[in-house]
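Inspection log for the structure reproduced underneath, given as structure tokens.
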Amino acid sequence: MTETPKHAQRAGHGEDSVYWDKTRARYIGAVSLGYTPTGKRQRVKVSGKTKSEVRSKLREKKKELEAGVKASAAYTVKEAVEHWLAHGLKGRDVSSVATYRSLAENHIIPDVGKAKLRDVTADSLDAWLEEKSTILATTSLQMVLSILRRSISHAQRRDKVLRNVAELVEAPEGQPGRPSKSLLLEQAKAVLSAQEGTWIHAYVVVSLLVGIRTEEIRPLTWDRVHLTPPAGTTPHIEVWRSVRRKGETKTRTSRRTLAVPRQLVAVLTTHRAAQQRRREALGLTWKEDAYVFGTDSGEQRSAFTVRRSFRALLKEAGFSHPEEWTPRELRHSFVSLLSDHGIPLEVIARVVGHSGTRTTEAVYRKQIRPVITQGAEAMDAIFGGTDAADR
């Protein structure tokens, strides 16, 4: 029920004032901010249908002022998210930024983008997330909520809002995600024989026989690949970088040196020679720090390009639904094949760079040894490259 307007009393010195505005047919409340250096009085106004509503808004406004926040009543969720996407992701990998932007533009902005940021409540976000849980996987829901939290935090740092209401809610359980798969032995053999002589064939051989993460193999450079090392050492790859921010690997234990199977030595040797010929044909100078799986012009290939080429290779290998596979499942296949071959799990963990391995074996710097050889030995035995005892 709307209050009947009464004659407003003059506010005392230093007090807030609430009065009826006939032209707007609303109550107006004003917070005094003191005076400017020129002597002009500064006031912030709010409005409402009732005195109670106005006084509530005045209390919130005073809290903001005490916290040094000058929140705009018109600032929307869309504006907060777009500003974070544009200015809050400096130094992040391009693919990560693309993922954040896709989730924001397909879910957050269309659904809650028009809402005034200061008016968003925990209850409204809970209801929205519950609705999204019927169509999104749990991981996607968590990422959507993370984007919203980080966007509002970014707005807080810019004094656009007093509190981060997204911190008060939790992501519900979503739809089951697509389970990862691994190749059977016969499938793996077919994959290793497809598109021989191409860069994607060499990429697949490295992924499947060494177990390197997709984010580690794309930035791999030739100066980290040692196919003809000094006598007494084994051919190996230094997995020391990734496409993550600042080039760091996923964890400290992910930074490792891995021996490579002899089959892979032959494949990479051929691939390197072909790459050099193509670069020379383009008039480009060969560099030792060139990307192993870069483009002919020397640029790093995108995850999209790798995925598209990988599925084309699977099609040639006889897969009826290549679109159901992703390059990261080559790493899952590597782990499964080693496990089926009887390699202990603690050894597999060391090879793939999972936590639990010794840090001293993860950071080698310029040292050649120790090189983790068990994975390469097993792959030589599995695919008949050589007898493990020959090592």
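Please treat every number below as a calculation from the coordinates, not as lab data. Small disclaimer: the values here were computed from a predicted structure and weren't measured. Heads up, the Cβs are rebuilt from the backbone with ideal geometry, glycines too, and the neighbour counts pull from every protein chain shown.
Below are the figures for this structure:
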quantity	calculated
Theoretical gain in end-to-end length, Asp223 to Ile135 [0.36 nm per residue, Cα-Cα removed]	27.1 nm
Order of Val260, Val144 under a 10 Å beta carbon neighbour criterion, fewest first	Val144, Val260
Backbone HN-Hα couplings from phi across segment 296-305 [Karplus 6.51/-1.76/1.60, Hz, Gly and Pro as x]	4, 8, x, 8, 6, 6, 7, 4, 5, 4
Two-site FRET efficiency, His332 against Glu186, from Cβ-Cβ distance with R₀ of 25 Å, rounded to 0.05	0.90
Extension gain (nm, one decimal) between Asp296 and Glu170, 0.36 nm per residue minus Cα-Cα	40.7 nm
Glu346-Lys62 pseudo-label distance in nm [points 7 Å out on the Cα-to-Cβ vector]	6.5 nm
Which listed pairs, of Lys57/Lys90; Lys51/Lys160; Lys22/Lys62, have C-alpha distances above 31 Å, in listed order	Lys57/Lys90
In nm, spacing of pseudo-spin labels at Phe304 and Arg163 (7 Å Cα→C-beta vector)	4.1 nm
Cβ-derived FRET efficiency at R0 56 Å, Asp119 paired with Arg278, nearest 0.05	0.45
Ranked list, fewest to most other Cβ atoms within 10 Å of each Cβ, for Ser124, Ser102, Ser309	Ser102, Ser124, Ser309
Computed E for Val97/Ser52 - FRET, C-beta separation, R0 41 angstrom, nearest 0.05	0.35
Exposure proxy order (Cβ contacts within 10 Å, fewest to most) of Ser47, Ser207	Ser47, Ser207
